[in-house]
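Structure first, commentary second.
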Amino acid sequence: MNTAGRARSSIRQRLQESAEQRIEHDLVRHRRELTQRRDARVLADGQRLLNFASNDYLGLSQHPAIVSALQVAAQNCGAGAGASHMVCGHHAEHAALERALAEWLGYPRALLFGSGYLANLAAVQALMQPGDVCLQDKLNHASLIDGARLSQAHLVRYPHADADAAGRQARAHAEGALLLATDGVFSMDGDVAPLPELAALAREQEGLLYVDEAHAIGVLGPQGRGSAAAAGLGPIDVPLLLVTLGKALGGYGAVLVGQDWAIEHVMQVARPYIYTTALPPAVAVAALAGVKLARQEDWRRMRLAAHIERFREGARARGLRLLDSRTPIQPLPVGDNALAVRASQELQARGFLVAAVRPPSVPAGSARLRITLSAAHEDREVDGLLDALAPLAEAIARRRDGDGIAEPDGVAC
Ligand SMILES: *Cc1c(COP(=O)(O)O)cnc(C)c1O
């Protein structure tokens with residue numbers, strides 16, 4: 001009891017209980033320490049592994065042209081930006097990257113951020129105010145959800161990829177301005193948002209459609225311009241896009257691309273833009289080199305598409321039931337946390353690095369192996385993973401069908 005007579009709880013004790021809960025439910029996360037990396041081959045915790053867990057979909061993160069662009073730029077402009085963009089940290093290298101992205105994607109303007117997480121916080125917070133409605137897919141990335149929380153708008157989440165349900169919810173919450181925000185490609189499921197339907201809904205409701213292209217940029221659409229471009233949507237239907245630089249583009253950072261009125265407002269008011277140091281200019285130069293390669297080298301997308309096809313065919317032949325995804329994210333639903341961890345460990349023992357994704361990254365009861373493919377893989381490496389996965393098929397099926405574990409949403413045969 002404290003002096004006011006109320007029971008005070010202890011942070012330390014709460015943390016301990018929380019740690020015990022994590023152990024009990026197989027939710028403890030470990031970081032592997034990488035000491036070497038060469039394309040898809042890594043040395044992780046001292047063990048040689050083939051990497052099927054990264055977001056380096058085009059195999060660009062170690063490309064010699066990007067690495068040397070970074071080195072040369074660091075010689076010229078140093079390791080750090082020196083200040084935030086608004087003070088004196090906005091360099092010509094940042095501006096060149098912004099112009100290149102706007103031009104590539106066919107938008108009037110772009111704004112560079114330190115990361116996609118920050119950019120989503122900034123965009124959603126700057127566009128929304130209390131009393132507005134932020135309509136989001138249930139499986140959207142955490143940063144979009146957190147942006148809505150920061151803005152104090154009314155956050156309404158619709159069932160995954162269900163544009164009809166989104167429409168019903170939009171009509172039921174007709175007060176205030178409407179922001180409709182969705183991942184283009186969903187990070188843990190690999191499926192694509194129903195963008196034409198969402199664009200029609202945004203038009204009908206005078207809402208703003210915001211698409212997060214983190215897993216789609218470089219991968220989908222003509223020249224890898226992303227999921228909105230793949231759906232034939234441009235700046236009228238999607239006034240604001242998020243492009244991240246740390247996945248297929250092989251670098252680090254993120255860029256909001258959009259209509260002038262949207263970008264200018266975010267730049268003027270967004271706290272996650274204003275109150276943080278600008279990305280090192282050399283990192284912007286590296287990203288620009290990555291954009292050029294991603295844009296030009298269609299062979300990387302073709303190679304990736306062939307791997308996706310090969311993996312799905314091979315999985316079907318081996319009785320592995322994947323989620324219905326046509327993108328490099330190919331999840332194998334397991335259901336149970338402990339089984340997902342065990343499967344990941346067994347794959348590691350056979351030389352494959354595959355992430356066991358558990359709650360809260362995915363809904364409870366829908367733990368999965370999140371297998372990601374890259375243009376850096378070889379055909380025989382994809383086949384090798386399939387052979388390593390095959391013995392797990394039976395254990396997963398038994399667990400899913402026998403122990404009363406619900407089939408997660410969207411499971412396809
Ligand atoms: C990775 C990711 C982000 C965050 O981007 P970072 O640059 O890694 O901070 C945002 N949205 C989605 C959908 C993502 O997958």
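Observations on the model:
- The sole residue among A181, A199 that is crowded, with 21+ Cβ neighbours inside 10 Å and free of Cβ contacts under 8 Å to residues at least 40 places away in the same chain is A199.
- Output for the range 1-60, where each listed residue is more than 26 Å from R368 (Cα to Cα), among the hydroxyl-bearing types (S, T, Y) and assigned to a loop (DSSP other than H, G, I, E, B): T3, S9, S10
- Meets criteria (away from the ligand (no atom under 16 Å from the Cβ), closer than 28 Å to I308 by Cα and of a type in the set (V, I, T)) for I23: no
- Residues that are within 17 Å of S227 (Cα to Cα) and crowded, with 22+ Cβ neighbours inside 10 Å were ranked within the range 105-119; the one that is farthest from the ligand (Cβ to nearest atom) is Y107.
- Test result for A65, modelled with pLDDT of 95 or more and surrounded by fewer than 21 Cβ atoms within 10 Å (Cβ to Cβ): yes
- Subset of the range 172-192 (residues that are within 16 Å of the ligand (Cβ to nearest atom) and more than 17 Å from the chain's Cα centre (by Cα)): L179, L180
- In the range 322-343, residue nearest to the chain's Cα centre (by Cα) [restricted to those that are surrounded by fewer than 17 Cβ atoms within 10 Å (Cβ to Cβ) and not in a helix (DSSP H, G or I)]: R326
- Checked against (1) touching a residue at least 60 places away in the same chain (Cβ under 8 Å); (2) under 20 Å from the mean Cα position of the chain (by Cα); (3) within 17 Å of N140 (Cα to Cα), L208 meets all criteria but (2).
- Residue that is farthest from the ligand (Cβ to nearest atom) [pool: residues in the range 226-255 that are outside any strand (DSSP E or B) and of a type in the set (V, I, T)]: I236
- If you check S361, S374 for being of a type in the set (S, T, N, Q), modelled with pLDDT of 95 or more and either outside any strand (DSSP E or B) or under 16 Å from the mean Cα position of the chain (by Cα) (or both), only one passes: S374.
- Residues of the range 24-60 that are under 20 Å from the mean Cα position of the chain (by Cα), within 24 Å of V219 (Cα to Cα) and without any contact (Cβ under 8 Å) to a residue 24 or more places away in the chain: none at all.
- Residue in the range 193-207 that is within 13 Å of the ligand (Cβ to nearest atom), touching a Ser or Thr at 6+ places or on another chain (Cβ under 7 Å) and closer than 18 Å to G116 by Cα present: no
- Answer from Q169, Q223 - the residue that is polar (S, T, N, Q), more than 16 Å from the ligand (Cβ to nearest atom), touching a strand residue (DSSP E or B) at 6+ places or on another chain (Cβ under 6 Å) and outside any loop (DSSP other than H, G, I, E, B): Q169
- Test: residue in the range 291-299 that is farther than 30 Å from M86 by Cβ, assigned to a loop (DSSP other than H, G, I, E, B), over 20 Å from the mean Cα position of the chain (by Cα) and more than 15 Å from the ligand (Cβ to nearest atom): yes
- Condition check for A343: without any contact (Cβ under 8 Å) to a residue 60 or more places away in the chain and either within 26 Å of N76 (Cα to Cα) or among the small types (G, A, S) (or both): yes
- Qualifying residue in the range 324-336 (condition: under 30 Å from C88 (Cβ atoms) and touching a Leu at 6+ places or on another chain (Cβ under 7 Å)): no
The values are calculated or read from the model by the stated rules, or taken from the named source; none is laboratory data. Not measured: the values here are computed from a predicted model. Ideal geometry is used to build each Cβ from the backbone, glycine not excepted, and the neighbour counts take in all protein chains shown.
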